[in-house]
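Some notes on the structure that comes next.
The values are calculated or read from the model by the stated rules, or taken from the named source; none is laboratory data. Source: prediction; values computed, not measured. Ideal geometry is used to build each Cβ from the backbone, glycine not excepted, and the neighbour counts take in all protein chains shown.
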Amino acid sequence: MTDGQADSRWVSAAEAARIYHISRAHWYVLASRKQFPTQIFNDGAKRYNVPNSFKREPNVAITVTNNRPDKQDDDKESLINQLSEAKEQLRNVEVTLLREQNDILQQDKDYLKDKLDEVQSQLPQILGMIGRLQESNNNNSQKIEALSVEKDKFKSLYEETNNMVDELRKERDEYKDVTLSIYNKFIDKKIK
């Protein structure tokens, strides 16, 4: 590294797509595969730290066609070879992706299996709690029914007591009148 020159540079996905002549989607995959460090800058853009030594190599070698008749046969054969190589590379990429997907699905399956085992191990406890809650609910329902019957008894007793109080008030009023008349008769006799 020379003085004053950095060994890497920060580029956004759009800049990288322009510099390396690839799509942004391909850049995301490439940056992930190469594990370039990333950072969010003050302008809100995510940038990748790309070493100056990084050179993008094409997946398939591009050949220039030559229209000379003696070269056309070689070019056809070369193109067929390149096409078969490209097919093989594509097949290898597809196999790799399928293996990665299979590994991810296997991990998901193992995780879900662990969670299911955990839930199944807790199931007897949950069922026990549900049974206790139902039993407690039944006991509470019976207590509520008993309290309701007792409340009805007290209500009828209260009504009877009110009726008796009303009758006693009437009798008291009657006795009051009788007492008052007797009192008046004695007082009138004493005064005379």
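Observations
- Test result for Val29, at pLDDT below 85, under 30 Å from Leu83 (Cα atoms) and among the aliphatic types (A, V, I, L, M): no
- Qualifying residue in the stretch 123-141 (condition: out of contact with any strand residue (DSSP E or B) (no Cβ under 6 Å at 6 or more places or on another chain), closer than 30 Å to Leu30 by Cβ and assigned to a helix (DSSP H, G or I)): no
- So Arg9, is it outside any loop (DSSP other than H, G, I, E, B), farther than 30 Å from Ser84 by Cα, modelled with pLDDT of 85 or more and not hydrophobic (A, V, I, L, M, F, W, C): yes
- Each residue in the stretch 55-95 was checked for being among the β-branched types (Val, Ile, Thr), at pLDDT below 90 and assigned to a helix (DSSP H, G or I), and 1 pass.
- Every condition in (1) in a helix (DSSP H, G or I); (2) exposed (fewer than 10 other Cβ atoms within 10 Å of the Cβ); (3) modelled with pLDDT of 90 or more is met by Asp43 except one, and the failing one is (1).
- Residue among Lys189, Lys170, Lys155, Lys151 that alone is assigned to a helix (DSSP H, G or I) and modelled with pLDDT under 80: Lys189
- Contacts under 7 angstrom Cβ, first residue in the stretch 13-34 being without any contact (Cβ under 8 Å) to a residue 60 or more places away in the chain and surrounded by 15 or more Cβ atoms within 10 Å (Cβ to Cβ), partner assigned to a helix (DSSP H, G or I) and among the basic types (Lys, Arg), 6 or more apart: Ala13/Arg24; Ala17/Arg24
- Options Ser121, Ser84, Ser136, Ser141: the member that is of a type in the set (Ser, Thr, Tyr), loosely packed, with under 10 Cβ neighbours inside 10 Å and within 53 Å of the chain's Cα centre (by Cα): Ser121
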